[in-house]
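The values are calculated or read from the model by the stated rules, or taken from the named source; none is laboratory data. Note that this is a predicted model, so its numbers are computed, not measured. Because the Cβ atoms are built from the backbone with ideal geometry, glycine has one as well, and the counts that use them run over all protein chains shown. Heavy atoms of the whole protein, side chains included, go into the accessibility calculation; ligands, DNA and RNA do not. Shrake-Rupley method; radii C 1.70, N 1.55, O 1.52, S 1.80 Å.
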Amino acid sequence: MMSANLPVRTKLDSTIPFNVDPNRANQFQFTDAQDWFSHNIPHWRNLFSFITSPRPRILEIGSWEGRSAVFLLQNICGQGTDIGIAGSERNDQMDFEGADIVCIDHFDLFRTSAGRERFRKINHNLSLTGKPFRVLPQFSVPALMKLLEKEILKEESLGNAGDANVPEYEGVSGSEQVGFDWIYIDGSHEADDTFLDGELAWRLARKGAIFIFDDYHWDKEPEDSKHHPKKGIDTFLDLHRGEYVKLTEPEHYQVVLRKTSEMRIGFLVDKEGLSEDEGDAIKKVFGYGINVALVVDPAYAMSAAVVILSTVENTTGRITIYIVDCGLSEENKQRFLRLIDPLRANDVTMMFIALNAEGLGKELGPVWAKLDLAEVLPIERVLYLDADTLIRTSIEMLWQTDLQGQTIAAAPDVGHPMGHDQMGVKMPYFNAGVMLVDLAKMRSKSAELKQLGRSMKDSKFRDQDVLNTFYASQWKRLSLKWNAQGLGTYARYPSPERDMLRLLDPTIDTPDPAIVHFTGPVNPSVEEVLSLYVQPPTAKPWGYLGAPGHPFQAEWWAVVERTRWGYTRSQSANVATAEMDKAISDAIRDFRERVEDTYLFTSPWKIDPFMPADNKAGAFAEESSFATLFPKYREKYLREVWSAVTRALEAHGVACTLDLVHGSMSVRTTRKTYDPYIILKARDLIKLLSRGVAVTQAVKILNDDISCDIIKIGNLVRNKERFVKRRQRIIGPDGSTLKAIELLTQCYVLVQGSTVSVMGPHKSLKEVRRIVLDCMKNIHPIYRIKELMIRRELAKDPKLATESWDRFLPQFRKNHLKTSDKTAKKNERLEAKNAARTAAGLPIESSADVAAKKKVYTPFPPAQLPRKVDLQLESGEYFLKKHEKIAKESAQRRQKQTESMEKRRAERAEAFVAPAEDAAPTVEEKRKRKRKDMGSEMTRDQQEAVGTKKSKKKKHKVEEEEEK
């Protein structure tokens with residue numbers, strides 16, 4: 001894949017600056033105008049120090065007349081023979097073991113005289129060096145493929161026969177003859193050809209090899225063209241980022257890399273004698289890696305980091321780690337990713353898998369998530385590891401275990417080799433902490449496994465019991481060195497089952513297990529710590545007790561420190577105090593409950609179960625029956641579950657009937673009925689079924705300690721929207737409020753339509769009824785929930801058993817006001833406003849004025865408002881131009897803002913207007929007031945006399961003015 005018309009970059013001096021014999025220097029045949037190499041010599045000499053192989057091998061793609069090849073032979077390669085090996089288009093035999101350099105160039109496939117001449121010159125020039133060489137007159141891709149095939153066969157011969165069958169040169173072993181130490185790519189100038197040459201040649205490059213691309217800034221094509229070699233080189237660099245060190249700057253004409261990853265050819269060839277036992281080679285070539293899965297929640301994040309780091313440190317090769325995320329924070333995820341050494345970044349991959357929305361992990365909790373692995377992992381085979389394990393050696397041998405057609409490979413459970421009492425039957429029982437699983441087989445029966453898991457959700461060891469029950473005859477026994485349990489504790493205790501297991505698997509007592517499993521609780525209870533049967537007690541290293549007596553506890557903490565999780569043994573000691581206090585308080589509470597449940601301290605009003613022997617009178621004299629209607633939408637469900645209802649009632653001697661014609665259910669006593677009260681329980685059962693309660697929950701009403709209450713809320717609120725809103729408050733966002741009520745009252749609550757169905761202890765029913773009714777009266781349930789939480793904490797303190805709790809309980813008060821209170825507050829606000837208006841000199845507003853501002857009621861509808869277009873036509877705005885409309889709107893907006901601002905300013909100024917004050921009277925005012933007071937005291941005759949005198953004086957004054 002090379003261009004036949006390479007451009008002339010510049011004309012250089014024809015002197016040969018190589019370390020050649022002076023007698024032969026003039027014999028080289030190079031075209032002076034086609035020297036595109038000599039200017040690279042100073043830079044290339046600086047790269048020779050990176051070559052560490054005693055006999056380096058060179059690969060050159062695009063040799064032209066061999067100018068660069070001659071330089072490399074004389075300056076890098078050791079002494080060789082004087083015989084060159086020239087290729088021929090007629091000779092397909094490939095023999096590179098003795099070659100120090102391999103040159104690839106198509107030479108126009110010898111179809112032109114120029115191509116044939118270049119082929120002659122390169123063979124002539126390389127022969128003058130006296131070093132071994134090989135010239136492949138082919139396009140680069142077929143030549144590289146043949147070269148790869150030869151390297152593969154050579155590598156296989158090393159793996160099968162050893163180094164003795166591989167030729168050696170000057171003491172260099174055959175293992176060093178696989179791959180090349182210097183690769184120079186100067187072939188085609190097409191981007192895709194350059195990328196393909198680089199990709200194939202990269203597979204032939206040893207670790208530490210120098211890898212050179214030429215023409216990175218070729219000037220014949222623009223660099224953004226898809227044909228420019230820069231495109232192909234950049235793509236290659238992006239693809240193999242992290243596998244090399246770049247030794248040149250971006251502006252350099254050549255791109256020089258030093259490979260940091262191991263050599264990987266990536267495929268095999270079909271040949272006779274290739275055995276199926278060549279597992280390592282096949283695994284390496286096919287890219288088969290180890291798939292490891294963990295189920296991790298925040299509580300086990302740190303211990304999971306120990307599993308991941310110890311796995312990566314002890315296992316080489318390709319590893320993919322799948323972490324089933326059970327609520328991990330983003331910080332924990334980043335911590336997990338930082339566990340991978342950058343040098344292993346190409347070999348180790350970590351993926352976070354979300355929980356299956358319909359899986360058991362989401363439904364029953366994280367401990368059940370391992371049963372969902374087949375549904376969430378996109379692989380066919382996985383090694384599952386519990387988050388409380390420690391990997392001490394490579395798990396590659398465990399991964400290669402042949403399952404022999406079984407679904408699971410696991411080690412026996414040391415604590416219960418033949419299962420525990422709740423399993424019902426003695427059979428070999430495995431520990432589910434370390435499992436090699438065929439997910440393809442598990443996936444085919446995933447639905448049945450989940451169904452069994454739901455039915456056994458209350459079993460002693462939960463998911464482990466389910467797996468042992470489901471795969472009772474479909475698991476292969478692993479050695480206990482792959483799952484060493486109970487070390488330092490119960491594993492050393494003798495028992496018939498454990499002794500038999502010891503005979504079958506001597507590794508139970510091995511001092512050097514491959515995988516250590518820290519079984520037991522994180523923080524054991526006081527009862528477990530003080531148990532006489534297991535000493536030291538079983539616990540995990542990071543709990544308050546640590547793992548006493550465990551031989552690998554210190555090694556586990558050493559790995560924790562290497563994880564840099566930020567958690568040390570000293571911090572663990574600080575947490576241990578609080579956990580130990582909690583364990584002690586729990587033990588005291590459990591002790592008190594057990595004492596109260598004993599016969600001596602049984603309450604005198606405790607009711608024992610009613611048994612058939614307690615019915616001394618025999619069969620009932622009369623039949624009692626109850627019936628209830630059910631809505632139409634419940635018909636389908638009731639038909640499906642009616643058989644279960646019938647079986648539940650038949651156990652108590654009660655008959656039941658489902659009438660689909662009239663839409664009713666009925667129950668009645670029979671001659672087999674022995675409990676007089678059971679008919680009332682049966683009545684409650686059909687009432688609950690008619691109101692939407694599931695049959696699995698409803699049948700619990702037949703127990704003596706369970707009662708029910710149907711709370712009708714439909715007629716408590718008249719407004720429908722208000723009713724729906726308050727009913728939703730009982731449920732809360734995502735059902736959180738309803739869940740809190742159920743947890744605090746130990747009741748089952750179902751909000752359905754206009755009723756709330758409640759099942760639970762009688763005392764708790766009253767609490768739920770109180771919460772529901774208060775909620776419909778607009779009192780939020782959170783107030784009652786807070787009170788219940790406080791009561792629950794107070795009940796734990798024995799000192800407060802005989803004291804009143806009122807001082808601890810919150811007192812919530814209503815903020816609603818009566819009509820009279822509202823009116824009084826309204827009048828107070830009006831008086832304060834009038835006082836401010838009086839001070840500002842403004843008129844006073846009365847209640848009538850305020851009422852007058854309100855709209856006057858009229859039974860007639862308002863007049864139809866005109867359309868916006870009609871208003872625009874009326875005002876002429878419709879005919880305005882766009883800029884005129886914008887200007888008018890802007891002016892109106894500014895005017896409105898100005899008016900609003902003036903109004904607010906006037907309102908604010910009311911409080912700052914000084915009240916009118918009575919100033920001191922002037923002299924003139926005093927005289928007027930005095931005359932006014934005197935005038936009021938005169939008699940009528942005196943006033944007439946004074947008036948006559950004033951008129952005369954005035955007349956006299958007028959006359960004087962006229963005379964003047």
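Full extension of the chain segment joining Met580 with Asp705 gains 41.6 nm, where the gain is 0.36 nm per residue of separation less the Cα-Cα distance. Stokes-Einstein diffusion for region 611-704, with the hydrodynamic radius set to the Kirkwood value over Cα pairs and evaluated at 4 °C in a medium of 1.567 mPa s, equals 96 µm²/s. Applied to region 479-493, the Karplus parametrisation 6.51 cos²θ - 1.76 cosθ + 1.60 on θ = phi - 60° returns per-residue 3J(HN,Hα) values of 5, 5, 5, 8, 7, 7, 10, x, 5, x, 10, 5, 4, 8, 6 Hz, with x for Gly and Pro. Here region 667-724 is assigned +1 on the Cβ of each Lys and Arg and -1 on the Cβ of each Asp and Glu. Its dipole about the Cα centre then comes out at about 340 debye.
Cα centroids of region 214-259 and region 653-674: 86 Å apart. Under 5 Å from the amide H of Ala293 lie the amide H atoms of Tyr322, Leu383, Tyr384, Leu385, each residue being 5 or more positions distant or on a separate chain, with H modelled from the backbone and absent for Pro and chain starts. Using the alpha carbons alone, the radius of gyration of region 695-785 stands to its Kirkwood radius in an Rg to Rh ratio of 0.96.
Applying the criteria of a DSSP loop state and at most 12 other Cβ atoms within 10 Å to the chymotrypsin sites (Phe, Trp or Tyr not before Pro) of region 508-552 yields Tyr533.
Stretched out straight at 0.36 nm per residue, the stretch from Ser890 to Ile731 would grow longer than its current Cα-Cα span by 52.2 nm. The modelled label-to-label distance for the pair Arg120/Leu660, using points 7 Å beyond Cα in the direction of Cβ, is 10.1 nm.
Average accessible surface for region 706-814: 63 Å² per residue, computed with a 1.4 Å probe over protein heavy atoms with every protein chain in place. Taking the inverse of the mean 1/r over every pair of distinct Cα atoms in region 321-453 gives a Kirkwood hydrodynamic radius of 16.7 Å. Our coupling estimate for region 341-349, obtained by passing each phi through the Karplus curve with A = 6.51, B = -1.76, C = 1.60 and θ = phi - 60°, is 4, x, 5, 9, 4, 7, 9, 10, 10 Hz, Gly and Pro reported as x. In this calculation the C-beta distance from Ser261 to Arg722 is compared with R0 = 56 Å, giving a FRET efficiency of 0.20. For Asn615, no residue has an amide H sitting under 5 Å from its own, ignoring neighbours fewer than 5 places away on the same chain, with H placed 1.01 Å from N.
Each label point was placed 7 Å from the Cα along the Cα-to-Cβ direction; for Glu593 and Phe812 their separation is 2.8 nm.
Out of every Cα-Cα pair that region 278-519 contains, those further apart than 25 angstrom amount to 41 percent.
Label positions at Met901 and Glu358, each projected 7 Å from the Cα along the C-beta direction, are separated by 6.5 nm. What percentage of all Cα-Cα pairs in region 493-557 are separated by more than 14 Å? For region 493-557, the share of Cα pairs beyond 14 Å comes to 64 percent.
Considering the options Gln746, Pro733, Ser764, tell which one lies farthest towards the positive end of the dipole of region 706-814, charges being +1 on Lys and Arg and -1 on Asp and Glu at the Cβ, about the Cα centre. It is Pro733. Accessible surface of Ser127, taken over heavy atoms with a 1.4 Å probe and every protein chain present, rounds to 50 Å².
Given a Förster distance of 45 angstrom, what is the FRET efficiency for Thr568 paired with Ser495, based on the Cβ-Cβ distance and rounded to 0.05? With R0 = 45 Å, the Cβ-Cβ based efficiency is 0.75. Region 628-652 and region 499-553 have Cα centres separated by 50 Å. With a Förster radius of 35 Å applied to the beta-carbon distance between Phe110 and Arg381, the computed FRET efficiency rounds to 0.10. Close amide H partners of Thr755, meaning residues 5 or more places away or on another chain with modelled amide H under 5 Å apart, are Ile713.
Across region 718-735, rounded Karplus estimates of 3J(HN,Hα) from the backbone phi angles (6.51 cos²θ - 1.76 cosθ + 1.60, θ = phi - 60°) give 6, 5, 5, 5, 5, 5, 5, 5, 6, 5, 5, 4, 5, 7, x, x, 6, x Hz, Gly and Pro being marked x.
Here the extension length gained between Lys146 and Lys868 equals 251.6 nm, from 0.36 nm per residue of separation less the Cα-Cα distance.
Probe radius 1.4 Å, ligands and nucleic acids ignored: give me the carbon and sulfur share of the accessible area of region 611-704 as a rounded percent. With neighbouring chains kept in place, the figure for region 611-704 is 53 percent.
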